[in-house]
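Visitor: Okay, here's the structure, questions in a sec.
Bear in mind that the values in this text are calculations on the coordinates, not laboratory data. Just so it is clear, the model here is predicted, and its values are computed rather than measured. A quick note on method: Cβ atoms are made from the backbone with ideal geometry, for glycine too, and the neighbour counts reach across all protein chains shown.
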Amino acid sequence: MSKKDKSFEVLMGELETLVSTLEGEDLNLDDAIKHNEEALQLIKLCRERLDSARQKIDKLVQSADGEWQKQPLD
């Protein structure tokens, strides 16, 4: 399964694992760079997912006359 097909939660889990590895293990420079690049890719994908979700979410606002209206989430 490609990273683009994975859920946001799975991507975040992978990112957390990479960050833990970078923070906690003695990695050689090449491995640290590789892990960092992969983490940056995951951050980009997660940010894209969040931006997409934010665009799809509307908030309901009640007008003075009691009618409910959808407005984009700020």
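Visitor: If you place +1 on the Cβ of every Lys and Arg, -1 on the Cβ of every Asp and Glu, and leave all else neutral, what size is the dipole of the chain about its Cα centre, to the nearest 20 Debye? Intermediate results must be reported in sequence, preceding the final value.
Guide: On the way: 11 positive and 17 negative charges, 97 e Å.
The calculated dipole for the chain is roughly 460 debye.
Visitor: Given the DSSP H assignment, sum -39500 (n - 2.57) over each helix run of at least 4 residues in the chain and divide by its residue total; what's the result at 222 nm in deg cm²/dmol, nearest 500? Show your work: numbers first, answer last.
Guide: Details: 2 runs with 45 residues, N = 74.
After summing the helix terms and dividing by residue count, I get -21500 deg cm²/dmol.
Visitor: Could you run the Karplus curve 6.51 cos²θ - 1.76 cosθ + 1.60 with θ = phi - 60° over segment 7-17 and give me ³J(HN,Hα) per residue in whole Hz, x for Gly and Pro?
Guide: Per residue, the Karplus-derived 3J(HN,Hα) values read 6, 4, 5, 5, 4, 5, x, 5, 5, 4, 5 Hz.
Visitor: While we're on this one: Give me a comma-separated list of calculated 3J(HN,Hα) values for segment 41-53, in order, Karplus coefficients 6.51, -1.76, 1.60 applied at θ = phi - 60°, integers in Hz, x for any Gly or Pro.
Guide: Running phi through 6.51 cos²θ - 1.76 cosθ + 1.60 with θ = phi - 60° gives 5, 5, 4, 4, 5, 5, 4, 4, 5, 5, 4, 5, 5 Hz.
Visitor: Got the relative contact order for segment 3-72 handy, in percent, Cα pairs under 8 Å and 6 or more residues apart?
Guide: 26 percent
Visitor: Quick check on the exposure proxy: order I43, I57 from fewest to most C-beta atoms within 10 angstrom.
Guide: The order, fewest Cβ neighbours first, is I57, I43.
Visitor: Give the aspartates and glutamates reachable from K4 as a straight Cα distance under 14 Å; neighbours fewer than 8 places away on the same chain don't count.
Guide: Candidates past the 8-residue exclusion: E14, E38, E48.
Visitor: Scan the chain and report its longest stretch carrying no GluC sites (Glu not before Pro) that are both in a DSSP loop and have at most 11 other Cβ atoms within 10 Å.
Guide: Here the longest segment lacking exposed loop sites spans 26-66.
Visitor: Of S63, A32, A53, which is farthest towards the positive pole of segment 3-72's charge dipole, taken about the Cα centre with +1 and -1 on the beta-carbons of Lys, Arg and Asp, Glu respectively?
Guide: Final value for the positive-end residue is S63.
Visitor: Could you name the lysines in cross-link range of K6, using Cα to Cα under 23 Å and dropping any fewer than eight places away on the same chain?
Guide: Output for K6: K34, K44, K56.
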